[in-house]
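The values are calculated or read from the model by the stated rules, or taken from the named source; none is laboratory data. For clarity, every value in this text was computed on a predicted model and none was experimentally measured. Neighbour counts run over all protein chains shown; Cβ positions are idealised from the backbone, glycine included. These accessible areas exclude ligands, DNA and RNA; they are computed on the full protein's heavy atoms, side chains included. Shrake-Rupley method; radii C 1.70, N 1.55, O 1.52, S 1.80 Å.
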Amino acid sequence: MKDLTLDRNNPKPLYQQLRAVIEEKIDSGEWKPNDKIPSENQLSAQYGLSRMTARSVLLDLVKEEKLYRVQGKGTFVAEEKIEAQSLYYVGIREQLEQMGYQVTTKTLECKVVRSDHNVAKHLRLEEGTPIFMIKRVRSISEGPVSLHLTYIPLKYSEGITPELMETEQLCVVLNQNYGLQRKRMSETLESVAADKEEAELLNVKRGHPLLMLKDDLFSEGDIPYEYTKVIFRGDKFKIRLNFEQ
């Protein structure tokens, strides 16, 4: 690719022109994920800019997670994030498979537990009521990308095994076994920092940025039958929310 230059006669500020050059090199594939890019000094010399302008461009692209910095080594191209949709229409495994990823699911726990205050509130049960909990990790070739914690009333758990939850979607099982159909779903999205367990399961450091998607599913009569938390690696995913009027 022919190197792009800056036009000092262009009314567009040089900052924006340099940013466009860097983004073009990334988008075109000339600079690939994890490639080291020129330093502030090199960029300022190559394009005739002040070091301050070059630094400002790089810092802004780092904040937007298009680049990342390694202390003492330089600035590198960040991996493009996986763009997932709300789980209202399609589950995350199906979304990843549609994108061409090879997805594996590992069931960590699949057992009866007593509901704590939070889970009991979501399922409209008395605190301490026995419920069924399923904990799974989903991975792609690069490693683990999401942790799934699902809680359902105990009466819907017959026949659910760890092996089944690695190959089948829970919504399909609940529909086939109990005729449950989702009539409404409430969903929230928030950013969280990885605790010790999440860090170990998702292969990140403690405090690593994560995205937490919480889903409450309701059947006919607005009766809650599933509460799920999906915790995504914040460096791997971004969530797109679409709204139609």
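Output the residues belonging to the range 69-88 that are among the polar types (S, T, N, Q) and farther than 23 Å from H148 by Cα.
Within the range 69-88, the first condition is being among the polar types (S, T, N, Q), and the residues that meet it are 71, 75, 85-86.
The answer is Q71, T75.
Give the residues of the range 179-199 that are assigned to a helix (DSSP H, G or I) and either small (G, A, S) or touching a Pro at 6+ places or on another chain (Cβ under 6 Å) (or both), sorted by residue number.
Narrowing the range 179-199 to residues assigned to a helix (DSSP H, G or I): 196-199.
Across the range 179-199, the qualifying residue is only A199.
Given the criteria assigned to a loop (DSSP other than H, G, I, E, B) and over 19 Å from the mean Cα position of the chain (by Cα), does E79 qualify? Walk me through how you get there before you give the answer.
Details: assigned to a loop (DSSP other than H, G, I, E, B): yes; over 19 Å from the mean Cα position of the chain (by Cα): no.
Answer is no for this residue.
Applying the selection to the range 188-219, what residues are of a type in the set (D, E), closer than 21 Å to V103 by Cβ and touching a Ser or Thr at 6+ places or on another chain (Cβ under 8 Å)? Walk me through how you get there before you give the answer.
Narrowing the range 188-219 to residues of a type in the set (D, E): 190, 195, 197-198, 200, 215-216.
Among the residues that remain, those that are also closer than 21 Å to V103 by Cβ are: 198, 200, 215.
D215, the sole residue that qualifies.
Across the range 217-234, what is the number of residues that are modelled with pLDDT under 95, of a type in the set (D, E) and surrounded by 16 or more Cβ atoms within 10 Å (Cβ to Cβ)?
Adding up the residues that qualify gives 0.
Suppose we filter the range 60-73 for residues that are surrounded by 13 or more Cβ atoms within 10 Å (Cβ to Cβ) and on the phi > 0 side of the Ramachandran plot; how many remain?
Going through the range 60-73 one residue at a time, the tally reaches 1.
Collect the residues in the range 147-193 that are free of Cβ contacts under 8 Å to residues at least 60 places away in the same chain, touching a strand residue (DSSP E or B) at 6+ places or on another chain (Cβ under 8 Å) and under 17 Å from R136 (Cβ atoms), keeping them in residue-number order.
S157, I160, T161, P162, E163, L170, L174, listed by residue number.
Being closer than 21 Å to E158 by Cβ and more than 25 Å from the chain's Cα centre (by Cα) is the filter here, so list the residues in the range 109-119 that pass it.
From the range 109-119, those closer than 21 Å to E158 by Cβ are 109-115, 119; that's our starting set.
Matches in the range 109-119: K111, V112, V113, R114, S115.
Would you pick out the residues in the range 1-59 that are of a type in the set (G, A, S), surrounded by fewer than 18 Cβ atoms within 10 Å (Cβ to Cβ) and assigned to a helix (DSSP H, G or I)? Working first, answer last.
Taking the range 1-59 and keeping what is of a type in the set (G, A, S), we get 20, 28-29, 39, 44-45, 48, 50, 54, 56.
Going one step further and asking which of them are surrounded by fewer than 18 Cβ atoms within 10 Å (Cβ to Cβ), we end up with 20, 28-29, 39, 45, 48, 50, 56.
Answer for the range 1-59, where residues must be of a type in the set (G, A, S), surrounded by fewer than 18 Cβ atoms within 10 Å (Cβ to Cβ) and assigned to a helix (DSSP H, G or I): A20, A45, S56.
If you check every pair at least six apart or on different chains, which have Cβ atoms under 6 Å apart with a residue in the range 72-86 that is more than 15 Å from L241 (Cα to Cα) first and a residue that is open to solvent by less than 30 Å² (accessible area, probe 1.4 Å) and part of a loop (DSSP other than H, G, I, E, B) second?
Close Cβ pairs satisfying both conditions: T75/I37.
Given the criteria farther than 20 Å from K135 by Cα and among the charged types (D, E, K, R), does D222 qualify? So that I can check it myself, show each step before the final result.
Details: farther than 20 Å from K135 by Cα: yes; among the charged types (D, E, K, R): yes.
When the stated conditions are applied, D222 passes them.
Taking helices (runs of 4 or more DSSP H) that do not extend beyond the range 84-178, which have at least 1 residues that are modelled with pLDDT of 90 or more, open to solvent by 70 Å² or more (accessible area, probe 1.4 Å) and out of contact with any Cys (no Cβ under 9 Å at 6 or more places or on another chain)?
Details: elements: 92-98, 117-123, 162-167, 170-178.
Passing ranges, in order: 117-123, 162-167, 170-178.
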